[in-house]
Each structure stands twice: as structure tokens, then as C-alpha cells.
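**Student:** Quick one: the structure is below, and I'll ask about it shortly.
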Amino acid sequence: MTKQPPALPEPQRGHLQSRRGFLAASTVAAGTIVSGRALADSLADVPAREPGEDLSGLSERSPFVHISRIPEAGPGQRNVDPGDAINSKAPLDKLVGSITPADLHYERSHAGVPMLDPAQHRLLIHGMTEKQLVLTMDDIRAMPSMSRTVFIECTGNGWENWHKADETLTVQNTHGLISTNEWTGVPLSFLLDLVGVDRDALWMLAEGGDGAAVARSVPLTDEVIDEAMLAYGQNGEPLRPAHGFPLRLVLPGFEGNMNIKWLRRLKFGDRPFMTRWETDRYTQLRPDGKAEQFHLHQDVNSVITSPSGMMSIRPGYNRITGLAWSGHGKVTRVEVSTDGGASWHDAQLNGPVLAKAQTRFQMDWAWNGNPSRIVSRSTDDKGNVQPDRKSFLERVGATALFHYNAQQTWRIGADGSVRNALD
């Protein structure tokens with residue numbers, strides 16, 4: 001009979017321990033497990049060396065890696081034909097680190113993806129300015145540039161859990177409308193100086209070149225002037241068409257629809273331009289029946305990506321990991337609870353921790369096999385704390401649709417199954 005390795009020791013502090021304490025307590029057991037496996041192996045069990053493939057123009061993913069986005073037609077409308085989809089969600093449960101590959105960055109389009117020739121594309125800048133300009137992409141790429149790693153998040157991220165909890169949802173379903181990339185382009189401040197924007201111009205209209213003519217009014221706050229850019233680069237390469245090629249506006253921390261793709265026009269004025277996208281589409285119905293406009297920032301948020309919906313775990317050591325972010329600044333703390341919010345413990349933040357970018361967190365956990373509920377909450381450097389679902393709904397109401405940032409709970413059954421839960 002094969003001798004079974006000893007079980008991992010019970011934690012000394014409830015369910016949680018620091019990484020150093022956890023590893024120190026389980027050194028003997030872990031060593032025995034590794035030794036047992038090593039004794040069972042020999043060189044005969046190691047795969048033989050194989051000749052490599054020829055070099056190519058592109059490096060493809062391994063055929064053993066299965067990773068893709070999920071097309072969606074609206075809340076709860078999954079597994080649809082791509083022609084009917086309005087967005088496509090990033091596979092957060094299969095990503096590592098904090099940067100999203102460009103081809104897996106979530107997508108939200110209102111009229112499909114236009115294929116624009118950069119040689120023909122133009123950017124018009126006009127309105128309350130000393131001079132009006134029409135710029136080519138060559139003009140723009142010749143200007144001083146900057147790079148910054150920030151997230152972009154759809155305002156509808158999380159809408160799957162607003163009214164009910166489908167237990168079959170994965171974290172890709174619940175939170176896949178967010179991605180973090182390194183964006184490269186021209187600082188907005190350079191263009192403001194170039195055209196001489198009137199000091200009384202308090203707003204900027206940004207308009208896209210897609211068939212829906214998406215356009216949003218952007219307040220010219222110090223934050224916007226200091227941080228916004230006109231991006232033509234994404235993770236070290238030109239923008240992908242789905243993400244705005246050849247040019248998009250990037251507004252760090254602002255709701256995704258304001259980061260206008262396929263940018264073709266900037267107009268400056270002394271008041272918001274009241275486009276249909278801010279008077280009809282992207283407004284938030286409040287409990288008092290009034291609609292809120294210009295929410296602007298994406299709020300502090302976090303989600304455990306592993307273990308998460310439709311995964312399974314075994315008793316003993318498990319590593320909890322996830323992502324946290326805030327459109328108001330930098331994440332300074334992430335806490336994790338393994339008892340449904342009754343007690344909280346600090347998770348480790350993986351560096352670099354950047355403002356308005358997703359931050360990976362992790363924590364060791366010894367699961368004793370009893371039914372559990374795991375949940376995370378994040379805090380940013382402005383003092384904003386991610387709310388629990390009950391307090392979130394009391395403040396926002398149940399009739400809204402956008403800016404859902406309530407804590408995400410995953411329910412773990414005695415059989416190790418992980419399922420979506422609202423509390």
C-alpha cells in the first residue's frame with residue numbers, strides 16, 4: 001500500500017496565517033510530500049527532449065493554453081453569436097500578474113470595430129482655441145510622448161450581480177469588463193498648449209470615428225490636464241483596432257466610455273456638450289427617481305480571481321489571489337475574509353503598486369474542509385473603502401446599472417466547489 005503523506009498542520013490563528021508562519025508550520029509536511037513524489041519518479045518518467053519549431057514572424061500561445069474572451073449581449077446574455085455581442089469579457093481567472101495581453105483586453109463597441117487607415121486618419125482640434133488644427137497620425141507620432149500603465153473599466157462591469165446571483169458565473173462573467181495596459185501617446189497638456197486653449201474653456205468634447213459617433217464631454221480639471229493622453233500605443237505595439245486604432249483618448253481612472261476610441265475630434269467649450277451618451281445612455285438612475293450625470297470616476301474595487309466561480313479546491317493549503325483597483329488613486333490595502341466578512345486579514349500587494357492600475361494581491365489559506373465564504377475589500381490612498389453589497393444597495397438603490405463596486409463573495413461548499421454568491 002502506498003504510504004499517504006501527512007496532512008498539512010492546522011493553522012495556529014483560525015484559518016489564516018502569514019506566509020512565513022504558514023510555511024514554517026508546514027515545512028515537515030511539505031518536505032515529505034515533495035520527497036514522496038521524487039521517490040516515485042525517475043528519468044524514465046521525464047519527457048524526452050524535443051526538437052524546436054522554426055522561428056516565425058509571430059510568437060503564438062502554447063496549444064496547451066486555452067484562453068479567450070467571452071462575447072456578451074447584455075446582463076445575463078452569455079454565449080451569444082459574436083455578431084449580436086455588445087462587449088467581450090477578459091478572462092481574469094486565467095491571467096497572471098496585473099497586465100492584460102492586448103488581444104485579451106475587454107472590448108465594448110457600439111457599432112462594431114471600424115478598420116481605419118492611419119494614413120488617412122485625421123484629428124480635428126477646434127472650439128475655444130487660439131488656433132484650429134487638423135493633425136495627421138505622422139504629426140501626432142512626432143510629438144513628445146509618454147507611457148503610463150492604467151486600467152480601463154466599462155461602467156457596466158459587475159452588472160451580472162446587481163439584482164441576482166447566478167451561481168454558475170465565473171469571475172470572467174462578473175468582472176471581465178476591466179483590463180490594464182501600458183498606453184503610449186501624446187500628453188493632452190501638450191496639445192492644449194499647442195492650440196492655445198482659452199482659459200474660459202472648462203470642457204472638452206471628444207468624438208470617435210465609429211459608426212455610432214460616440215462622443216463625451218470631459219471636464220478640464222487639473223487631474224485630466226495632468227494625466228490624460230492621446231494614445232497610439234498599447235503594451236509596446238500600435239493599438240489594436242478593437243481598442244481604438246489608430247488613436248484613442250485615455251483618461252486614467254475615468255469610466256471606460258469616456259476613453260474615446262478611434263478619436264477624430266476634440267472641441268473645447270465653456271460648458272458640457274450634452275451628447276446623447278451623457279443625457280441618455282450613461283446616466284445613473286437614483287433611488288429618488290432622478291438621474292445622475294457625469295459620475296466620471298470608477299470607484300475602489302477588488303475581486304478574488306482564484307479560487308473563484310466554477311473552480312474547485314481541496315482541503316489544506318490554498319493560495320487566494322485577485323485584483324484590486326481604484327479610479328481615484330492607488331490601492332493601499334486589500335483585506336480578505338474566509339468567513340463571509342466576520343473577520344478580515346491583510347493580503348500581500350504584489351509590486352509595482354501603481355495609481356489607477358490593477359494591483360494583484362495574494363494570501364495563503366489553510367482550508368479545513370468546512371463550507372466557507374471568501375470575499376475581498378480594498379482601500380485606496382484617498383480613504384475610499386469598497387462597500388459590502390447591503391450598504392452599497394442602500395446608498396445606490398436596486399434600479400441602477402452602472403458603477404457596481406460591491407464586495408464579491410464566493411461560496412465554497414464542503415465538496416470544494418466554488419460558486420458565485422451575493423453574500
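**Student:** With a probe of 1.4 Å, find how much accessible area the chain has per residue, and write the answer as a whole number in Å².
**Tutor:** Computed with neighbouring chains in place, this is 48 Å² per residue.
**Student:** If I take every Cα pair under 8 Å that is 6 or more residues apart in the chain, average their sequence separation and divide by the length, what percent do I get for the relative contact order?
**Tutor:** Relative CO of the chain lands at 16 percent.
**Student:** I'd like the accessible area for M146: 1.4 Å probe, protein heavy atoms, all chains in place, Å² to the nearest 10.
**Tutor:** Spelled out: M146, probe radius 1.4 Å, area about 50 Å².
**Student:** Could I get the Rg over Rh figure for region 130-207? Both from C-alpha atoms, Rh via Kirkwood, rounded to two places.
**Tutor:** For region 130-207, the value is 1.18.
**Student:** Right, next: Could you work out how much longer the chain between N368 and Q132 gets when fully extended? Use 0.36 nm per residue separation minus the Cα distance between them, nm to one decimal.
**Tutor:** The N368-Q132 span can extend by a further 78.3 nm.
**Student:** With no solvent and one equal point scatterer placed on each C-alpha of region 326-386, evaluate the Debye formula and give log10 I(q)/I(0) for q = 0.26, 0.27 Å⁻¹, two decimals.
**Tutor:** Log10 I(q)/I(0), no solvent term: -1.07, -1.12.
**Student:** Using a 1.4 Å probe on the protein chains only, how many percent of the accessible area of the chain belongs to carbon and sulfur?
**Tutor:** Roughly 51 percent, rounded to a whole number.
**Student:** Build a GNM of the chain with springs between Cα atoms under 10 Å: which of N259, N350, N173 gets the top mean-square fluctuation?
**Tutor:** Between N259, N350, N173, it is N350 that shows the largest mean-square fluctuation.
**Student:** Further, regarding this structure: What residue among V46, V385, V113 has the largest mean-square fluctuation in a Gaussian network model of the chain, using Cα springs under 10 Å?
**Tutor:** Comparing V46, V385, V113 in the GNM, the peak value goes to V46.
**Student:** Same structure, new question: Taking the Cα-to-Cβ direction at D346 and at D226 and moving 7 Å from each Cα, how far apart do the two end points lie in nm?
**Tutor:** In this crude label model, D346 to D226 measures out at 2.7 nm.
**Student:** Any idea what the dipole of the chain comes to, in debye rounded to 20, about its Cα centre with Lys/Arg Cβ at +1 and Asp/Glu Cβ at -1?
**Tutor:** With only Lys, Arg, Asp and Glu charged at Cβ, the dipole is about 700 debye.
**Student:** For region 356-387 and region 241-314, what is the separation of their C-alpha centers, rounded to whole Å?
**Tutor:** Taking the Cα centre of region 241-314 as reference, the centre of region 356-387 is 24 Å away.
**Student:** Considering only protein heavy atoms, what is the solvent-accessible area of R419 at a probe of 1.4 Å, reported in Å² to the nearest 10?
**Tutor:** 60 Å²
**Student:** So what is the 222 nm mean residue ellipticity for the chain from helices alone, if each DSSP H run of at least 4 adds -39500 (n - 2.57) and you divide by all residues, rounding to the nearest 500 deg cm²/dmol?
**Tutor:** -3500 deg cm²/dmol
**Student:** At a Förster distance of 41 Å, what's the computed FRET efficiency of S68 paired with L124, Cβ-Cβ distance as r, to 0.05?
**Tutor:** Efficiency computed from Cβ-Cβ geometry: 0.65.
**Student:** Now a separate question. When the chain is fully extended, how far beyond the present Cα-Cα distance does S189 get from K290, taking 0.36 nm per residue of separation?
**Tutor:** Net length gain for the segment: 32.9 nm.
**Student:** Taking just the alpha carbons, could you work out the radius of gyration and Dmax for region 220-369, both in angstroms?
**Tutor:** 19.8, 61
**Student:** Something else now. Please build a GNM for the chain, connecting alpha carbons under 10 Å apart, and tell me which residue among I178, I67, I140 fluctuates the most.
**Tutor:** I67
**Student:** Full-extension gain between D270 and K94, please, as 0.36 nm times their residue separation minus the C-alpha to C-alpha distance.
**Tutor:** 58.8 nm
The values are calculated or read from the model by the stated rules, or taken from the named source; none is laboratory data. As the structure is a prediction and not an experimental result, all values here were calculated from the model. Cβ atoms come from the backbone with ideal geometry, glycine included; neighbour counts cover every protein chain shown. Ligands, DNA and RNA are excluded from the accessible area calculation, which covers all protein heavy atoms including side chains. Shrake-Rupley method; radii C 1.70, N 1.55, O 1.52, S 1.80 Å.
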